[in-house]
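Trainee: Please see the structure below; I have some questions.
Nothing in this text is a laboratory measurement; each read-out follows from the coordinates by a stated rule. Note that the coordinates shown come from a computational prediction; the quantities given were computed from them, not determined experimentally. Every residue, glycine as well, gets a Cβ built from its backbone with ideal geometry; the counts of neighbours run over all protein chains shown.
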Amino acid sequence: MSEIGLHHVTAFSGSAARNRDFYTRVLGLRLVKTTVNFDDPGTYHLYYGDETGRPGTLLTFFPIAHAAPGRLGVGETQEIALRVPRAAIGWWIHRFVATSVDHDAPASVFGEPTLRFRDPDGMRLALVGVDGADPEPA
């Protein structure tokens, strides 16, 4: 069996409504599934990804409305990067300005244009411009 990448990445968030608004309205991901946390049926499990929820496109969250903000620590994910078409980085800068998303200036990371930002709960994210990325919306 060969590994070709991650199936999904899961994180905790604050408000479910705020999380859904940011990831669908601002980033344009699709909410492909809403279920409950099997370990805590009182907590939702939100799945975002492409239109069919293909493995490798999924970013999932357990929203906990009154949770303290996250903080970086040993063994924690430092940043989640999503790929976009290289030519779209400028469009995303304008999008973030229009939607009041704080972001860093574009930088070159491993030779690729990268736009770093945070979600409303402070999780670090980045858009990486690559050749061959699917230009279709999620």
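Trainee: To the nearest 20 debye, what is the magnitude of the charge dipole of segment 78-138 about its Cα centre, counting +1 on the Cβ of each Lys and Arg and -1 on the Cβ of each Asp and Glu?
Mentor: On the way: 6 positive and 9 negative charges, 22 e Å.
Dipole about the Cα centre, nearest 20: 100 debye.
Trainee: Loop-only trypsin sites (Lys or Arg not before Pro) in segment 70-138, please: DSSP not H, G, I, E or B, and at most 11 other Cβ atoms within 10 Å.
Mentor: On the way: sites: R71, R83, R86, R95, R116, R118, R124; in loops: R71.
In loop regions of segment 70-138 (DSSP not H, G, I, E or B), the sparsely surrounded trypsin sites (Lys or Arg not before Pro) are R71.
Trainee: Within a Cβ distance under 14 Å of G53, other residues only, what is the Lys/Arg minus Asp/Glu net charge?
Mentor: +1
Trainee: Once a ≥ b ≥ c are taken as the square roots of the eigenvalues of the Cα gyration tensor of segment 1-65, is the result rounded (a/c under 1.5), prolate (a/b larger than b/c) or oblate (a/b not larger than b/c)?
Mentor: Details: a/c = 2.21, a/b = 1.31, b/c = 1.69.
Since a/c reaches 1.5 but b/c is at least a/b, the shape of segment 1-65 is classed as oblate.
Trainee: To the nearest Å, what is the center-to-center distance of segment 8-43 and segment 89-113, using C-alpha atoms only?
Mentor: 23
Trainee: Taking square-rooted eigenvalues a ≥ b ≥ c of the alpha carbon gyration tensor, is the chain rounded, prolate or oblate, where a/c under 1.5 means rounded and, failing that, a/b exceeding b/c means prolate?
Mentor: Numbers: a/c = 1.56, a/b = 1.33, b/c = 1.17.
Here the chain falls in the prolate category.
Trainee: Another question, if that's okay. Which of D104, D121, D40 ends up with the largest GNM mean-square fluctuation for the chain, with Cα atoms connected below 10 Å?
Mentor: For the chain, modelled as a Gaussian network with Cα springs under 10 Å, the answer is D40.
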